[in-house]
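Asker: Supplied in structure tokens, the structure appears directly below.
The values are calculated or read from the model by the stated rules, or taken from the named source; none is laboratory data. Note that this is a predicted model, so its numbers are computed, not measured. For neighbour counting, all protein chains shown are included, and Cβ atoms are generated from backbone atoms with ideal geometry for every residue, glycine included.
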Amino acid sequence: MNEQAPNFPDSASDRLVSDNLLVRNYLASVPVKKITGEAEQQQYRRDIAALLKEKKAVLVAHYYTDPELQSLAEETGGLVADSLEMARFGRDCEGDMLVVAGVRFMGETACILSPNKTVLMPDLEATCSLDIACPIEKFSAFCDQHPDRTVVVYANTSAAVKARADWVVTSSIALEIVEHLKVRGEKIIWAPDKHLGRYIQEKTGADMLLWDSACIVHEEFKAKGLLDMKAIYPNAKVLAHPESPSSVLAIADVVGSTSQLIKAACELPQDTFIVATDQGIFYKMQQLAPEKTFIVAPTAGNDASCRSCASCPWMGMNSLQAMYQSLRDGSNQITVDPAIAKKAMIPLQRMLDFAAQHRMQVKGKA
Ligand code: 13P
Ligand code: SF4
């Protein structure tokens, strides 16, 4: 069942080494964009707010971005949300322009769903390890080998991969859509995140052929460290994003998308939570539940030093400075080939229609 993705090294450990090298090389090559002081930061915020107004632009930010960007989105009438709600809100909001603070697939999705809006991103290099690990040529060949299967792809993919799919899903809605396909007797190709795929497979019992890749951030969460931490905080609940390894999900009290984890943090009676996802989410959790304590789940090990642990390096490329420059100059516009956009629109629209029909809670502000 778990066929190897054709482009990847042979073993999971080889692949992880390859992913980690990729991230290390990336981190070494990118100059750190540092804002020196509070005054400069405040100036950027004012300038960005003025430019958003002038250009009739709306800022849409993901929960993993810098709290500075999340609060700016809120203050300027934009949205902070998970990837599903970012897509829906971007399509439905008024305005001529969207500024997407997130990663490339989020910008591309906005571009496909809002063909009449200009879509800018602070940094066009901000991508995702899942997107990188699922190149269209290899993926398309893989699908061609299994023509009897319905192709379901995670939103964290390129527009071209979406164009090859029957369905796009995000982690907020993947379980429900796969369950729906299983009831219809459909067999599934799932790509690219194997951990999320396996989690859904176990929950639904669907027949799923899994592409073999993972998120380099979530894959670093370790079950052993998590158990040690639980011993220190016996009353804490563990919240985990389903891109985490199955050994971590097995320990988690709640497994869900970013918005589902935020909801759980607010609704559960406990006052302490160990959180296995990008720590950018703590901004919203702390804002909605200021009296509670949120602790980042342990990653590579006691002595490890890890610059991308619990912190997505690509989400981190979204800075105030980059956003200001992009808005001022109209630079970093995301475009998608119209023929690809037309095809990718079909599975994206299916997902949004499904969410609307099932009256799913897809509100970003948890
Ligand atoms: P959500 O869809 O839960 O926001 O997750 C997106 C993502 O990239 C998680 O790593
Ligand atoms: Fe991709 Fe992982 Fe970053 Fe999410 S956290 S954008 S899945 S690399």
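Asker: Kindly establish whether His180 is in contact with a Phe, Trp or Tyr (Cβ under 9 Å, 6 or more places away or on another chain) and surrounded by fewer than 24 Cβ atoms within 10 Å (Cβ to Cβ).
Answerer: Criteria met by His180.
Asker: Let me ask something else about it. Of everything in region 212-237, what is in contact with a strand residue (DSSP E or B) (Cβ under 9 Å, 6 or more places away or on another chain) and either within 16 Å of ligand 1 (Cβ to nearest atom) or on the phi > 0 side of the Ramachandran plot (or both)? Give them in sequence order.
Answerer: Ser213, Ala214, Cys215, His218, Phe221
Asker: I'm trying to understand the selection: among the residues of region 307-329, which are within 14 Å of ligand 2 (Cβ to nearest atom) and part of a helix (DSSP H, G or I)? Talk me through it step by step, then tell me what you get.
Answerer: Narrowing region 307-329 to residues within 14 Å of ligand 2 (Cβ to nearest atom): 307-318.
Correct list: Met315, Gly316, Met317.
Asker: Next question. Looking only at region 52-76, how many residues end up being within 15 Å of ligand 2 (Cβ to nearest atom) and either at pLDDT below 95 or out of contact with any helix residue (DSSP H, G or I) (no Cβ under 9 Å at 6 or more places or on another chain) (or both)?
Answerer: 0
Asker: Ala206 passes all but one of (1) farther than 21 Å from Val153 by Cα; (2) outside any helix (DSSP H, G or I); which number fails?
Answerer: (1)
Asker: What are the residues in region 57-80 that are in a loop (DSSP other than H, G, I, E, B) and of a type in the set (Asp, Glu), if any?
Answerer: Asp66
Asker: Right, something else. Among the residues of region 198-216, write down those that are among the hydrophobic types (A, V, I, L, M, F, W, C) and either touching a Ser or Thr at 6+ places or on another chain (Cβ under 8 Å) or in contact (Cβ under 8 Å) with a residue 40 or more places away in the chain (or both).
Answerer: As a first pass, look at region 198-216 and keep what is among the hydrophobic types (A, V, I, L, M, F, W, C): 200, 206, 208-211, 214-216.
Ile200, Met208, Leu209, Leu210, Trp211, Ala214, Cys215, Ile216 - these are the residues of region 198-216 that are among the hydrophobic types (A, V, I, L, M, F, W, C) and either touching a Ser or Thr at 6+ places or on another chain (Cβ under 8 Å) or in contact (Cβ under 8 Å) with a residue 40 or more places away in the chain (or both).
Asker: Considering (1) crowded, with 20+ Cβ neighbours inside 10 Å; (2) outside any helix (DSSP H, G or I), say which one Ile48 fails and leave the rest.
Answerer: In the conditions (1) crowded, with 20+ Cβ neighbours inside 10 Å; (2) outside any helix (DSSP H, G or I), Ile48 misses (2) alone.
Asker: So for region 280-290 (the condition being modelled with pLDDT of 95 or more, more than 17 Å from Gly102 (Cβ to Cβ) and in a loop (DSSP other than H, G, I, E, B)), does at least one residue qualify?
Answerer: The answer is yes; a qualifying residue exists.
Asker: Oh, and also: Filter region 163-177 down to the residues that are surrounded by fewer than 20 Cβ atoms within 10 Å (Cβ to Cβ) and more than 16 Å from ligand 1 (Cβ to nearest atom) and list them by number.
Answerer: Asp166
Asker: I'd like to verify a number: residues in region 251-264 that are of a type outside the set (Lys, Arg), in a helix (DSSP H, G or I) and closer than 17 Å to Ser171 by Cα, how many?
Answerer: 6
Asker: Looking at the structure I just gave you, is Lys117 touching a helix residue (DSSP H, G or I) at 6+ places or on another chain (Cβ under 9 Å) and assigned by TED's automatic domain parsing to the domain that holds Ala57? Full working, then the answer.
Answerer: Working: touching a helix residue (DSSP H, G or I) at 6+ places or on another chain (Cβ under 9 Å): yes; assigned by TED's automatic domain parsing to the domain that holds Ala57: yes.
Yes: the conditions hold for Lys117.
Asker: Residues in region 299-306: is at least one assigned to a helix (DSSP H, G or I), of a type outside the set (Phe, Trp, Tyr) and crowded, with 19+ Cβ neighbours inside 10 Å?
Answerer: The first filter runs over region 299-306 and keeps only residues assigned to a helix (DSSP H, G or I), leaving none.
No.
Asker: Now a separate question. Condition check: in contact (Cβ under 8 Å) with a residue 12 or more places away in the chain and in a loop (DSSP other than H, G, I, E, B). Does Glu243 satisfy that?
Answerer: Here the answer is yes, as Glu243 does meet what is asked.
Asker: Among the residues of region 97-122, how many are within 13 Å of ligand 2 (Cβ to nearest atom) and of a type in the set (Val, Ile, Thr)?
Answerer: 3
Asker: Being over 10 Å from Glu243 (Cβ atoms) and in a helix (DSSP H, G or I) is the filter; apply it to region 211-226 and report the residue that is nearest to ligand 2 (Cβ to nearest atom).
Answerer: Ranking the qualifying residues of region 211-226, first place goes to Glu220.
Asker: Do you know which residues across region 264-288 are surrounded by 18 or more Cβ atoms within 10 Å (Cβ to Cβ) and away from ligand 2 (no atom under 16 Å from the Cβ)?
Answerer: First, pick out the residues of region 264-288 that are surrounded by 18 or more Cβ atoms within 10 Å (Cβ to Cβ): 264-265, 273-285.
The answer is Ala264, Ala265, Phe273, Ile274, Met285.
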